[in-house]
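**Student:** Encoded as structure tokens, here's the structure I'll be asking about.
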Amino acid sequence: MSGIMDLLQGPMGQMVIQGVGSQLGQDSSKTQSALSAAIPMLMGALKKNASNPETASGLLNALNSKHDGSLLDNISDIFGGGNVNEDVIEDGDKILGHVLGDKKEVVAAAISKQNGLDMGSAMNILKMAAPIVMGMLGKQTRQANVSNPTDLTNIIGNMIGGHQEAAQHSSFIENLLDQDGDGSVVDDLFNMGKKFFGR
């Protein structure tokens, strides 16, 4: 099973990076850095949702229906033209509401700070990354014929893979969703991001 961070290294990832960057008017390197932070953060939030009986069944249903991985077959149509489909962005906003709840502003602030982006661009990167992450998870879920949250949690862990810093991003978000923010989380994530990007 390929790690989700490998996505950005391949042709599909480059198309996503160019499409998102063009949409936001950002250069490719900054866009790639922001996506490289956003993706494991979203995976961590999904892992937290999968481990909670109250949200796991809803997540599994979403992966088996709307987010079944078919979006990945249309990446060139969605991201290739320089203008990302508005339906995808709206869908991403709904996904963020489900998986991050009231913490999405904090997560966007962390991405904004560590990548030198304004808050609007950081939030839009999260919105555009969310359907891709859900699509990849849905594809893996379907291929593995997953029917229970425990297996789903394991798949998410495998997708994060051996990227230590990505796993730290993921774990930190899981912990964040368990507690009330005190403002320090943005600095913690920023410091983690500097290590992740070798700064």
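Quick note: the coordinates plus some simple rules give every number you see, no bench work behind them. None of these values were measured; they are calculated from a predicted model. Every residue, glycine as well, gets a Cβ built from its backbone with ideal geometry; the counts of neighbours run over all protein chains shown.
**Student:** When ranked by the protection proxy of mean other Cβ atoms within 10 Å per residue, highest first, what sequence do the peptides 145-152, 41-48 form? Let's see the in-between values first.
**Tutor:** Numbers: 145-152: 14.9, 41-48: 26.4.
Result, highest mean first: 41-48, 145-152.
**Student:** Still on this structure, I have one more. About the Cα centre, and with charges only on the beta carbon of Lys, Arg (+1) and Asp, Glu (-1), how big is the dipole of the range 1-139? Nearest 20 debye, please. Intermediate results must be reported in sequence, preceding the final value.
**Tutor:** Details: 10 positive and 14 negative charges, 88 e Å.
Using only the charged Cβ atoms, the result is roughly 420 debye.
**Student:** Further question on the same structure: When all C-alpha to C-alpha distances in the range 56-128 are sorted into bins of 10 Å, what percent of pairs does each bin hold, rounded to whole numbers?
**Tutor:** Histogram of Cα-Cα distances, whole percents per bin: 18, 42, 34, 6.
**Student:** For a quick protection proxy, order the peptides 51-62, 87-98 by their average other-Cβ count within 10 Å, most packed first. Mind showing how you got there, number by number?
**Tutor:** On the way: 51-62: 14.5, 87-98: 17.0.
Order by mean packing, descending: 87-98, 51-62.
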